[in-house]
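K.L.:
One structure follows; several queries about it will come next.
The values are calculated or read from the model by the stated rules, or taken from the named source; none is laboratory data. This structure is a prediction, so every number in the text was calculated from the model and none was measured. Glycine gets a Cβ as well: all are built from the backbone with ideal geometry, and neighbour counts include every protein chain shown.
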């Protein structure tokens with residue numbers, strides 16, 4: 001519509017002497033009394049987490065963006081006649097991360113007054129004419145990032161020329177001269193999605209204007225430079241003088257964001273931890289659906305929202321909470337937590353009766369106990385993360401070990417599956433076979449990620465190993481442990497014409513024996529540390545308060561199934577309406593064909609019973625029969641037309657050219 005009626009609302013014109021209706025707000029009661037404090041706590045904790053993740057997102061591609069911006073500032077737009085300086089950016093296969101990268105490039109390059117940045121995608125360039133329109137419109141507008149195509153046709157005449165067409169590059173040239181621009185950066189964001197002939201024609205055309213407009217090209221390549229070169233014509237390839245830039249891979253960026261999410265460098269006391277279930281589901285969705293990192297941050301924020309908005313017990317994450325801030329229902333809900341009940345049963349089994357009695361009878365003692373246990377639970381989770389950091393560092397020094405992503409180790413550790421796992425056994429197996437040089441590097445690096453008794457033990461063993469190596473002859477072979485295969489030999493014995501093989505350890509030298517003792521102490525210290533820290537967080541008391549691990553809300557929001565929901569609503573409207581007219585009968589069968597059901601649901605049942613082609617007149621006859629012949633004909637026709645229009649809007653039926661009075665079924669239920 002070109003014109004549409006609008007109305008102006010003037011609040012002052014209301015009659016002030018008339019009664020004003022206000023909605024009556026009931027006071028908060030029970031568990032809802034903590035809602036204002038929970039909302040304030042959510043805003044405070046999420047602000048810290050969001051700031052941390054936002055800084056990381058800006059720093060992920062910071063080095064690449066700095067290199068590209070330096071390239072734009074220092075390069076000559078026309079290095080040779082008929083050639084344009086170009087940056088070929090290998091962005092990787094994650095299309096979702098391209099928007100963030102080019103947005104950061106635009107912000108960095110647009111900071112200078114002598115450059116403009118124009119980003120073009122394949123959706124904005126179906127043909128050469130539209131590509132030029134969008135290029136000129138974005139380049140000459142005050143906001144170069146605007147994607148509004150309605151402004152493309154509005155072109156003002158120049159000062160000395162007649163009115164130009166909106167795809168004439170003379171418009172961009174006049175703008176460059178007026179603003180005295182030194183760079184016009186044109187970014188082809190998704191080169192693989194562009195038509196090869198169209199992209200070649202655009203490059204050749206813009207190259208002809210290079211002596212008047214200082215173009216610089218950016219090409220976002222998701223595959224390889226070879227595939228990009230094959231896509232272009234030979235003439236267009238000769239117009240490009242490119243330099244390659246590699247971007248941080250999407251998998252590496254996802255690992256950095258996950259690591260920042262579980263970072264323990266900050267010392268804020270109240271903190272919400274993501275459980276292994278929600279973390280694993282979010283990481284899997286990121287990899288399978290190739291979503292952007294912003295979607296990952298949104299998923300984390302939704303977890304915070306779900307926890308603080310739906311869980312009234314999240315108020316206990318606030319250290320300053322007082323008995324006046326909570327109601328008795330909060331404490332009763334705490335006493336009904338599964339982890340609390342298991343904790344009390346454990347105390348009773350150990351013969352402790354005074355503490356359980358006070359926890360059940362004394363509310364003030366229970367509140368203080370909750371605060372103490374939340375602090376100890378947070379420390380236990382931090383110890384798990386420190387152990388994961390140690391394991392991630394150890395596997396880097398063992399090339400023979402199958403490497404695991406840090407996020408995978410983190411999920412396994414938080415779910416309690418890393419302890420006594422195959423990976424842990426293989427880690428210790430290969431570690432026991434390490435030579436002295438590998439162990440020296442391992443001890444030097446492990447001191448940077450450990451603390452407490454393990455760090456003291458590693459310092460002592462490092463000094464002993466350095467002293468032992470100093471006693472050895474210079475240029476000699478590295479010391480080997482008793483578990484190494486080089487220190488074992490096979491012995492062959494022939495008995496009664498049968499050959500028997502037996503493994504026998506070689507005699508260790510004095511240095512190898514001393515080194516084996518150092519290595520054994522190191523492995524034992526690691527085993528003790530892993531045994532103490534790698535626990536299942538679900539066994540911690542009050543873990544429901546400081547750890548969120550519900551997958552159902554995220555599954556419904558981030559991976560919805562709209563088709564299944566629509567089919568269920570149309571076939572079983574009682575599940576959503578909860579009305580008596582659509583309720584199942586005594587046998588539990590849904591009342592599928594009844595005049596009391598919504599008209600669209602009734603027509604949908606007829607739709608399911610029909611074939612691929614449906615006669616509209618027959619559908620109407622059956623529809624009227626179900627509603628009843630005593631109904632008003634005008635009302636019946638209106639209901640039928642509305643129901644058929646809704647089915648068409650939902651994409652279930654469409655018209656066909658074969659028969660004008662028929663409609664065609666597009667989709668089938670459950671297929």
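K.L.:
Looking at 612, 622, 617, 586 in this structure, which one is at pLDDT 70 or above, farther than 15 Å from residue 644 by Cβ and assigned by TED's automatic domain parsing to the domain that holds residue 656?
P.N.:
612
Rundown of residues vs (1) touching a residue at least 12 places away in the same chain (Cβ under 8 Å); (2) under 19 Å from residue 566 (Cβ atoms); (3) outside any loop (DSSP other than H, G, I, E, B), yes/no style:
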position	(1), (2), (3)
607	yes, yes, yes
611	yes, no, no
621	no, no, yes
636	yes, no, yes
642	yes, yes, yes
645	no, yes, yes
658	yes, no, no
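K.L.:
Would you say residue 317 is surrounded by 18 or more Cβ atoms within 10 Å (Cβ to Cβ), more than 21 Å from the chain's Cα centre (by Cα) and within 28 Å of residue 372 (Cβ to Cβ)?
P.N.:
yes
K.L.:
Restricting region 140-175 to residues that are under 26 Å from residue 200 (Cα atoms), in a loop (DSSP other than H, G, I, E, B) and more than 36 Å from the chain's Cα centre (by Cα), which is modelled with the lowest pLDDT?
P.N.:
Restricting to residues being under 26 Å from residue 200 (Cα atoms), in a loop (DSSP other than H, G, I, E, B) and more than 36 Å from the chain's Cα centre (by Cα), the top hit is 153.
K.L.:
Let me ask another. Test of understanding: among 178, 192, 204, 226, which residue is more than 30 Å from residue 416 (Cβ to Cβ), in contact with a strand residue (DSSP E or B) (Cβ under 8 Å, 6 or more places away or on another chain) and not in a strand (DSSP E or B)?
P.N.:
192
K.L.:
Take region 539-571 and flag every residue that is without any contact (Cβ under 8 Å) to a residue 24 or more places away in the chain and not in a helix (DSSP H, G or I).
P.N.:
Passing the criteria: 560, 561.
K.L.:
Can you name the number of the only condition in (1) at pLDDT below 90; (2) crowded, with 18+ Cβ neighbours inside 10 Å; (3) closer than 23 Å to residue 71 by Cα that residue 229 fails?
P.N.:
Residue 229 satisfies all of (1) at pLDDT below 90; (2) crowded, with 18+ Cβ neighbours inside 10 Å; (3) closer than 23 Å to residue 71 by Cα except (2).
K.L.:
With the requirement that a residue be closer than 17 Å to residue 98 by Cα and buried (at least 16 other Cβ atoms within 10 Å of the Cβ), what does region 245-255 give you?
P.N.:
Hits for region 245-255 are 245, 247, 248, 250, 253, 254.
K.L.:
For residue 645, work out the one condition from (1) touching a helix residue (DSSP H, G or I) at 6+ places or on another chain (Cβ under 9 Å); (2) modelled with pLDDT of 85 or more it doesn't fulfil.
P.N.:
Of (1) touching a helix residue (DSSP H, G or I) at 6+ places or on another chain (Cβ under 9 Å); (2) modelled with pLDDT of 85 or more, only one is false for residue 645: (1).
K.L.:
Let me ask something else about it. In region 650-659, is there at least one residue being surrounded by fewer than 13 Cβ atoms within 10 Å (Cβ to Cβ), assigned by TED's automatic domain parsing to the domain that holds residue 572 and under 23 Å from residue 594 (Cβ atoms)?
P.N.:
no
K.L.:
For region 377-384, does any single residue satisfy the condition of being without any contact (Cβ under 8 Å) to a residue 60 or more places away in the chain, part of a helix (DSSP H, G or I) and within 17 Å of residue 542 (Cα to Cα)?
P.N.:
Within region 377-384 (the criterion being without any contact (Cβ under 8 Å) to a residue 60 or more places away in the chain, part of a helix (DSSP H, G or I) and within 17 Å of residue 542 (Cα to Cα)), the answer is yes, since at least one residue qualifies.
Residues are listed down the side, and each one gets a yes or a no for (1) outside the structural domain of residue 181 (by TED's automatic domain parsing); (2) within 29 Å of the chain's Cα centre (by Cα); (3) closer than 22 Å to residue 124 by Cα; (4) in contact (Cβ under 8 Å) with a residue 24 or more places away in the chain:
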{"position": "194", "(1), (2), (3), (4)": "no, yes, yes, yes"}
{"position": "198", "(1), (2), (3), (4)": "no, no, yes, yes"}
{"position": "202", "(1), (2), (3), (4)": "no, no, yes, yes"}
{"position": "223", "(1), (2), (3), (4)": "no, yes, yes, yes"}
{"position": "230", "(1), (2), (3), (4)": "no, no, no, no"}
{"position": "235", "(1), (2), (3), (4)": "no, no, no, yes"}
{"position": "240", "(1), (2), (3), (4)": "no, no, no, yes"}
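K.L.:
Among the residues of region 394-409, count how many are over 24 Å from the mean Cα position of the chain (by Cα), surrounded by 16 or more Cβ atoms within 10 Å (Cβ to Cβ) and part of a helix (DSSP H, G or I).
P.N.:
2
K.L.:
Any residue at all in region 456-464 that's touching a residue at least 24 places away in the same chain (Cβ under 8 Å) and under 35 Å from the mean Cα position of the chain (by Cα)?
P.N.:
For region 456-464, residues touching a residue at least 24 places away in the same chain (Cβ under 8 Å) and under 35 Å from the mean Cα position of the chain (by Cα): absent.
K.L.:
Sort out which residues of region 522-549 are within 24 Å of residue 296 (Cα to Cα) and surrounded by fewer than 16 Cβ atoms within 10 Å (Cβ to Cβ), and write them in order of number.
P.N.:
none
K.L.:
How many of the residues making up region 320-332 are surrounded by 14 or more Cβ atoms within 10 Å (Cβ to Cβ) and either in contact with a strand residue (DSSP E or B) (Cβ under 6 Å, 6 or more places away or on another chain) or touching a residue at least 40 places away in the same chain (Cβ under 8 Å) (or both)?
P.N.:
Qualifying residue count, region 320-332: 6.
K.L.:
Among the residues that make up region 120-139, is at least one of them at pLDDT below 85, assigned by TED's automatic domain parsing to the domain that holds residue 73 and over 30 Å from residue 296 (Cβ atoms)?
P.N.:
No, there is no match, as no residue in region 120-139 is at pLDDT below 85, assigned by TED's automatic domain parsing to the domain that holds residue 73 and over 30 Å from residue 296 (Cβ atoms).
K.L.:
Restricting to region 288-297, count the residues that are outside any loop (DSSP other than H, G, I, E, B) and surrounded by 14 or more Cβ atoms within 10 Å (Cβ to Cβ).
P.N.:
Counting residues in region 288-297 that are outside any loop (DSSP other than H, G, I, E, B) and surrounded by 14 or more Cβ atoms within 10 Å (Cβ to Cβ) gives 5.
K.L.:
Looking for something under 30 Å from residue 308 (Cα atoms), in contact with a helix residue (DSSP H, G or I) (Cβ under 6 Å, 6 or more places away or on another chain), in a helix (DSSP H, G or I) and touching a residue at least 60 places away in the same chain (Cβ under 8 Å) - is there at least one such residue anywhere in region 60-83?
P.N.:
yes
K.L.:
Assigned to a loop (DSSP other than H, G, I, E, B) and surrounded by fewer than 18 Cβ atoms within 10 Å (Cβ to Cβ) - does that describe any residue in region 91-106?
P.N.:
Yes: one or more hits.
K.L.:
Can you find even one residue in region 343-362 that is within 36 Å of the chain's Cα centre (by Cα) and at pLDDT 90 or above?
P.N.:
Scanning region 343-362 turns up at least one residue that is within 36 Å of the chain's Cα centre (by Cα) and at pLDDT 90 or above.
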